Amino acid sequence: MRPLDPIALVSVSILLSSCVLGPQPGSPELDLPGAIRSDSAPHGSSFGDKSWHKVFSDPDLRNLISRAIANNPDLVAATFRIEQARALEAVSRADWFPTIGAGTGATAHYASPNAGQVGPGGDRHSESYDITANLSWEIDLWGGIRRSNEAARSRLLQSQYLRDAVQTSLVASVASAYIELKNLEERLAISRRTADSRKSSLDLVTSRRDGGVSSDLEVGQADALVGQALTAIPITEKAIFEKENEIRALLGEYPGGIARKGSLDNLDSSLRINGGLSSGLMERRSDVAAANQAYQAAVAEIGVAEALRLPTLSLTGSGGLLSSDLNNLLEGKSGTYSIGPNLTGPIFDAGRNKARVDAAKARAGEAQAAHKSAAVQAFREAADAINAHVKTGEIVTQQTRLVNSYRNVASVSSERFSGGSSSYLEVLDAERSLFDAELELADARRDRLLSVVQAYRALGGGWK
């Protein structure tokens, strides 16, 4: 019989591996809107394309974000997940290539007299020595290995996008917590300033009562106003303490204080939306990109499952030196080899492999739905953030006017009370309204700054 030609076997195997089962992975089709609702900004260089260093100019905030990116446990874990996916891709890629091993051995054999197996010259003892190399190569007959490689590559890209999504969320969380901390500081300053002012009013009312001009009721009312402002101070200090610990946790650090300078006014003047808004939203959103790669991986895995239903072709071989005499092992006559194809396939598996295909198709459908959900959520968040920025700006404008009005009312009512032309009830109402309005203005300014952060995150910014 004519021996098999190894080169011919390899050539035929490569030709047979040209078939690829399963649908071709690709981005799922989506009917996307032409623009983000409420988007009235110029379309050019997107706000979401800007580096977080350019968006957040406050040096203290920059320092906090840098520390968070370096040490946040969730971000560190996401980075290690990338390394896992990269290693798994390398494992999958190795399936393209043959597995080659080597070994050596020595065997001594003794034949039983009753076995009837006797060597030359009646010697029942025999020895065998060998040095061999083994080769095993699965031919990608139906494209299952190729699809497995495509799935592994998509999983790697997905892990990278998910890491970017974690950083995007982290940057926004640190910036938002910092803004809220600044807001609490402003509320604390308002409460302390109001408490000092009301203490002065209490002294005035008390002296007027001692002079027979004011009543004990008015003294009690003035004292209640002081108590209201004083109560707000420890409440706000407690919130500041907790907010500092929240920020430290985002930094991957244990509870402690947060170094900071300046006021909400300084932050308000530096944090602005500048640039276009809606252009390329789907490309910038890391979570949407991750969902896209998850879908492509799931589609590729359909081909992997379909390939398992069909026969597997592998090429196996071995070669080396074999001799019964150790002294002759390295001679040319000791050479030996064997090579040949193996074709194996399922005959009956009770529907197991078909169920694998059905499950893979269902996972792809689930991934496609998740991708659409991520896209819808992205446009919703972007629209809400843009609208919030516009409306919070309007709220700040109106609330500023309201605070100015209440300040005038409080000033006039205080003068009228000092002149004896009105009761302390007018002063009481005016100061309560002014205190509440100032706190609401601080919150409105906070919300406007938070809307900038949320717009930046919603537009895909923060991962670079």
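The values are calculated or read from the model by the stated rules, or taken from the named source; none is laboratory data. None of these values were measured; they are calculated from a predicted model. Cβ coordinates were reconstructed from backbone atoms using ideal geometry, including for glycine residues, and neighbour counts include every protein chain displayed.
Would you point out which residue out of Ser423, Ser411, Ser405 is among the small types (Gly, Ala, Ser) and surrounded by 14 or more Cβ atoms within 10 Å (Cβ to Cβ)? So that I can check it myself, show each step before the final result.
Details: Ser411 fails: surrounded by 14 or more Cβ atoms within 10 Å (Cβ to Cβ); Ser405 fails: surrounded by 14 or more Cβ atoms within 10 Å (Cβ to Cβ).
One residue alone meets the criteria, Ser423.
So, of the residues in region 318-367 that are assigned to a helix (DSSP H, G or I) and at pLDDT below 90, which turns out to be nearest to Tyr110 (Cα to Cα)?
The initial filter retains those residues of region 318-367 that are assigned to a helix (DSSP H, G or I), namely 326-328, 332-334, 352-367.
Then keep just the ones that are at pLDDT below 90; that gives 326-328, 332-334.
On the way: Leu326: 17, Asn327: 20, Asn328: 21, Gly332: 27, Lys333: 25, Ser334: 22 Å.
Step by step, filter region 318-367, then rank; the result is Leu326.
Would you please name the residue that is surrounded by the most Cβ atoms within 10 Å (Cβ to Cβ), looking only at residues in region 189-209 that are among the charged types (D, E, K, R) and without any contact (Cβ under 8 Å) to a residue 40 or more places away in the chain? Give the derivation first.
Of all residues in region 189-209, those among the charged types (D, E, K, R) come to 192-193, 196, 198-199, 203, 208-209.
In the following step, the residues that additionally are without any contact (Cβ under 8 Å) to a residue 40 or more places away in the chain were identified as 193, 196, 199, 203, 208-209.
On the way: Arg193: 13, Asp196: 12, Lys199: 16, Asp203: 11, Arg208: 19, Arg209: 16.
Out of the qualifying residues, it is Arg208.
Here's a check for you: in region 300-317, which residue that is among the aliphatic types (A, V, I, L, M) and part of a helix (DSSP H, G or I) is nearest to Arg153 (Cα to Cα)?
Narrowing region 300-317 to residues among the aliphatic types (A, V, I, L, M): 300, 302, 304-305, 307-308, 310, 313, 315.
So of that shortlist, the ones also part of a helix (DSSP H, G or I) come out as 300, 302, 304-305, 307.
Details: Ala300: 10, Ile302: 15, Val304: 14, Ala305: 17, Ala307: 19 Å.
Applying the filter and picking the extreme gives Ala300.
Has region 173-188 got at least one residue that is small (Gly, Ala, Ser), touching a residue at least 12 places away in the same chain (Cβ under 8 Å), closer than 30 Å to Leu459 by Cβ and touching a Lys or Arg at 6+ places or on another chain (Cβ under 8 Å)? Spell out how you get there, then give the answer.
Narrowing region 173-188 to residues small (Gly, Ala, Ser): 173, 175-177.
Within this subset, residues satisfying the condition of being touching a residue at least 12 places away in the same chain (Cβ under 8 Å) are 173, 175-177.
If we keep only those that are closer than 30 Å to Leu459 by Cβ as well, we get 173, 175-177.
In the following step, the residues that additionally are touching a Lys or Arg at 6+ places or on another chain (Cβ under 8 Å) were identified as 177.
Within region 173-188, one or more residues are small (Gly, Ala, Ser), touching a residue at least 12 places away in the same chain (Cβ under 8 Å), closer than 30 Å to Leu459 by Cβ and touching a Lys or Arg at 6+ places or on another chain (Cβ under 8 Å).
Checking the conditions here, which among Ala375, Ala305, Ala370 is modelled with pLDDT under 95, within 44 Å of the chain's Cα centre (by Cα), surrounded by 13 or more Cβ atoms within 10 Å (Cβ to Cβ) and not charged (D, E, K, R)?
Working: Ala305 fails: modelled with pLDDT under 95; Ala370 fails: modelled with pLDDT under 95.
Checking each option against the conditions leaves just Ala375.
Have a look at Ala177, Ala151, Ala222, Ala172 and point out the one that is touching a helix residue (DSSP H, G or I) at 6+ places or on another chain (Cβ under 7 Å) and modelled with pLDDT under 95. Step through it out loud before you land on a result.
Values: Ala177 fails: modelled with pLDDT under 95; Ala151 fails: modelled with pLDDT under 95; Ala172 fails: modelled with pLDDT under 95.
Residue meeting the stated conditions: Ala222.
Confirm whether Lys391 is within 30 Å of Ile302 (Cβ to Cβ), of a type in the set (Lys, Arg) and out of contact with any Asp or Glu (no Cβ under 7 Å at 6 or more places or on another chain). Spell out how you get there, then give the answer.
Numbers: within 30 Å of Ile302 (Cβ to Cβ): no; of a type in the set (Lys, Arg): yes; out of contact with any Asp or Glu (no Cβ under 7 Å at 6 or more places or on another chain): yes.
No; evaluated as a whole, the condition is false for this residue.
Each row is one residue, and each column tells you yes or no for (1) touching a Leu at 6+ places or on another chain (Cβ under 9 Å); (2) touching a residue at least 60 places away in the same chain (Cβ under 8 Å).
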{"residue": "Leu313", "(1), (2)": "yes, yes"}
{"residue": "Ser318", "(1), (2)": "yes, yes"}
{"residue": "Asn328", "(1), (2)": "no, no"}
{"residue": "Pro341", "(1), (2)": "yes, yes"}
{"residue": "Asp358", "(1), (2)": "no, no"}
{"residue": "Ala383", "(1), (2)": "no, yes"}
{"residue": "Asn404", "(1), (2)": "no, no"}
{"residue": "Val412", "(1), (2)": "no, no"}
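Of the residues in region 401-432, how many are under 54 Å from the mean Cα position of the chain (by Cα), among the hydroxyl-bearing types (Ser, Thr, Tyr) and within 15 Å of Ser200 (Cα to Cα)? Write out each step before concluding.
In the first step, residues of region 401-432 are kept if they are under 54 Å from the mean Cα position of the chain (by Cα); the result is 401-411, 427-432.
The next check asks that each one be among the hydroxyl-bearing types (Ser, Thr, Tyr); those that pass are 405-406, 411.
From what is left, the residues that are within 15 Å of Ser200 (Cα to Cα) are 411.
Matching residues across region 401-432 total 1.
Do we have any residue at all in region 169-176 that's surrounded by 20 or more Cβ atoms within 10 Å (Cβ to Cβ), hydrophobic (A, V, I, L, M, F, W, C), assigned by TED's automatic domain parsing to the domain that holds Lys243 and over 20 Å from the mean Cα position of the chain (by Cα)?
No, the conditions are met nowhere in region 169-176.
Would region 390-402 turn up any residue that is surrounded by 19 or more Cβ atoms within 10 Å (Cβ to Cβ), touching a residue at least 12 places away in the same chain (Cβ under 8 Å), among the small types (Gly, Ala, Ser) and in a helix (DSSP H, G or I)?
Taking every residue of region 390-402 in turn, none turns out to be surrounded by 19 or more Cβ atoms within 10 Å (Cβ to Cβ), touching a residue at least 12 places away in the same chain (Cβ under 8 Å), among the small types (Gly, Ala, Ser) and in a helix (DSSP H, G or I).
Name the single residue, out of those in region 29-75 being modelled with pLDDT of 85 or more and acidic (Asp, Glu), that is farthest from Val376 (Cα to Cα).
If we take residues in region 29-75 being modelled with pLDDT of 85 or more and acidic (Asp, Glu), then Asp60 is farthest from Val376 (Cα to Cα).
Within region 103-124, can you find the residues that are surrounded by 11 or more Cβ atoms within 10 Å (Cβ to Cβ) and at pLDDT 85 or above?
Gly103, Thr104, listed by residue number.
Sort through Val76, Val91 and tell me the only one that's assigned to a helix (DSSP H, G or I), closer than 29 Å to Trp142 by Cα, in contact (Cβ under 8 Å) with a residue 40 or more places away in the chain and out of contact with any Lys or Arg (no Cβ under 6 Å at 6 or more places or on another chain). Walk me through it before giving the result.
On the way: Val76 fails: closer than 29 Å to Trp142 by Cα.
The match here is Val91.
Consider Ser197 carefully, then state whether it is out of contact with any Asp or Glu (no Cβ under 7 Å at 6 or more places or on another chain), farther than 28 Å from Ser451 by Cα, hydroxyl-bearing (Ser, Thr, Tyr) and part of a helix (DSSP H, G or I). Spell out the reasoning first.
Numbers: out of contact with any Asp or Glu (no Cβ under 7 Å at 6 or more places or on another chain): yes; farther than 28 Å from Ser451 by Cα: yes; hydroxyl-bearing (Ser, Thr, Tyr): yes; part of a helix (DSSP H, G or I): yes.
Judged against the criteria, Ser197 is a match.
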